[in-house]
Amino acid sequence: MAHTQVVIIGAGPSGLLLARLLAMAGVRTVVLERHSRAYVEARIRAGVLEPGTVALLNEAGAGARLQAEGLPHSGFQLAFEEQTHRIDLLALTGQQVTVYGQTEVQKDLGALHLAAGGIIHYEVEAITLRDLAGRQAGVEYLHNGVRERLDCDFVAGCDGAHGVSHQAIPAQAVQRFERVYPVGWLGVLANVPPVSHELVYANHHRGFALCSMRSQTRSRYYIQCAVGDRVDQWSDEQFWNELQCRLPAAMASALITGPSIEKSIAPLRSQVTEPMRYGRLFLVGDAAHIVPPTGAKGLNLAVSDVRFLWEALTGFYQHHDERLLNEYSSRALLRVWQATRFSWWFTALMHRFTDDPAEHRLQVAELLNLAHSRAASQAVAENYIGATF
Ligand code: FAS
Ligand code: PHB
């Protein structure tokens with residue numbers, strides 16, 4: 001019977017970062033991933049890294065390309081009622097965020113871990129968790145048509161919102177808190193220069209829009225769409241026209257459009273699973289919580305979970321100290337609920353949810369308060385930068 005110390009389910013950013021950090025601490029891991037490496041590295045997802053995320057990627061030795069190609073951003077724009085207001089992150093917090101696609105983080109971590117001899121099994125099927133409440137956990141799976149079993153001390157469930165980990169916990173052992181928003185984000189990636197050198201979050205009576213980027217020649221744009229919309233209902237031309245309607249006129253006229261190289265719709269929802277531990281299983285990242293992407297928190301929250309679990313497992317293996325393992329869930333959830341609250345608040349401020357004209361007026365009033373109150377802007381800046389771990 002094969003044995004390892006920690007089985008990590010999922011080779012997304014949280015699974016690979018945890019595997020890398022544990023390897024550096026001398027902890028043996030095996031990563032089991034459902035999809036192929038090419039599939040995982042092709043997914044277009046997050047784009048904004050908090051300073052804490054950048055620091056941990058550097059600590060894991062995965063920061064070289066990030067430092068060379070990442071775009072430091074010292075602020076972002078709020079656009080509403082034909083005006084824009086800049087949230088000056090650097091002046092308000094002394095810190096800035098870095099624009100660097102999750103796709104690139106994925107590639108950097110995967111290459112690094114494999115080059116260092118890390119074990120990642122891709123295209124694994126039928127993963128089943130066993131004996132999570134026992135003295136040794138077991139993970140059974142199918143790989144290359146062969147049924148395997150790994151005994152281990154701990155399982156890190158890094159398998160996202162639709163993985164097996166959180167489903168392995170008995171319903172009576174967890175509480176799930178969920179909020180589903182009646183809208184989605186239609187996202188487009190295009191090889192065109194970004195309309196602004198900084199991110200622009202736009203509140204408009206037709207709906208939310210976001211102007212982001214991946215480089216000086218590759219842009220990422222989003223518009224709020226109906227939750228039932230399908231991608232094939234939106235031609236590129238319809239997307240660009242709607243985006244221009246939702247931006248201030250001067251910005252709309254400066255928008256450079258082009259053919260989409262990726263187009264997808266992400267539903268907006270919040271979900272938190274408590275506790276984030278069940279016996280020998282620890283839930284990490286999207287396996288434990290989902291936030292609407294408005295606050296750019298999803299990936300960054302996953303990274304802070306990784307830090308807490310890395311510290312806990314290192315303490316266990318190097319000092320036989322279980323204290324941080326026992327505190328993992330409560331420590332992680334403090335940050336999870338802070339990010340969930342901010343993401344919920346920012347989503348409610350920027351999106352159109354009803355036809356009630358009062359909703360839009362209240363949103364504009366709050367945006368004007370943000371624009372003219374340093375204290376209000378500072379609170380937003382501190383949340384966007386992310387609480388220190
Ligand atoms: P992930 O979902 O990234 O990784 C989980 C991994 O586990 C995947 O590789 C999956 O294939 C694998 N897996 C799943 N089930 C498995 C099983 N049974 N067995 C083995 N492996 C299994 N966040 C932002 O901050 N900004 C954004 O703009 C943004 N956009 C997003 C768009 C979409 C469509 C989605 C789904 C998420 C988006 N997010 C965004 C959030 C996203 O970035 C996540 O927070 C981030 O990927 C979390 O990383 P992980 O926890 O590693 O989960
Ligand atoms: C992105 O670039 O994909 C992005 C940026 C900021 C967000 C969400 C998504 O809040």
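Before moving on, here are some points about what is shown:
- For the chain, the normalised intensity computed at q = 0.10, 0.12 Å⁻¹ comes to -0.66, -0.93 (log10 of I(q)/I(0), Debye sum over alpha carbons, equal scatterers, no solvent).
- With the cut-off at under 20 Å, measuring from each backbone N in the stretch 245-286 to a point 7 Å along the Cα-to-Cβ line of TRP345 picks out 269-272.
- Principal-axis tilt of helix 298-319 within the chain, Cα atoms, nearest 10 degrees: 30
- Distance histogram for the stretch 19-145 (every C-alpha pair counted, 5 angstrom bins, percent rounded to whole numbers): 2, 9, 14, 15, 16, 13, 10, 8, 5, 4, 2, 1, 0
- Length-normalised contact order for the stretch 220-296 - Cα pairs under 8 Å, 6+ apart - percent: 25
- Principal-axis tilt of helix 13-24 within the chain, Cα atoms, nearest 10 degrees: 50
- Averaging Cα coordinates gives a centre for the stretch 116-172 and one for the stretch 194-267; these two points are 39 Å apart.
- Cleavage-rule hits (trypsin sites (Lys or Arg not before Pro)) in the stretch 168-210: DSSP loop, at most 16 neighbouring Cβ within 10 angstrom: ARG206
- Computed from Cα atoms, the angle from the helix 102-115 axis to the main principal axis of the chain rounds to 20 degrees.
- Positive-end residue, the chain charge dipole about Cα centroid, Cβ charges, pick of ASN191, ILE119, GLY75: ILE119
- Bridges between two residues of the chain, per DSSP, are antiparallel at a rate of about 75%.
- Sum of side-chain charges, ALA371 neighbourhood, beta-carbon under 14 Å (Lys, Arg +1; Asp, Glu -1): -2
- Relative contact order (%) - the chain, alpha-carbon pairs under 8 angstrom, separation at least six: 21
- Relative contact order, whole percent, for the stretch 73-174 stands at 13, derived from Cα pairs under 8 Å and 6 or more residues apart.
No lab work stands behind these numbers, since they all come straight from the coordinates. From a predicted model like this one, the values you see are computed outputs, not experimental measurements. Don't worry about glycine lacking a Cβ; one is built from the backbone with ideal geometry, like all the others, and counts go over all protein chains shown.
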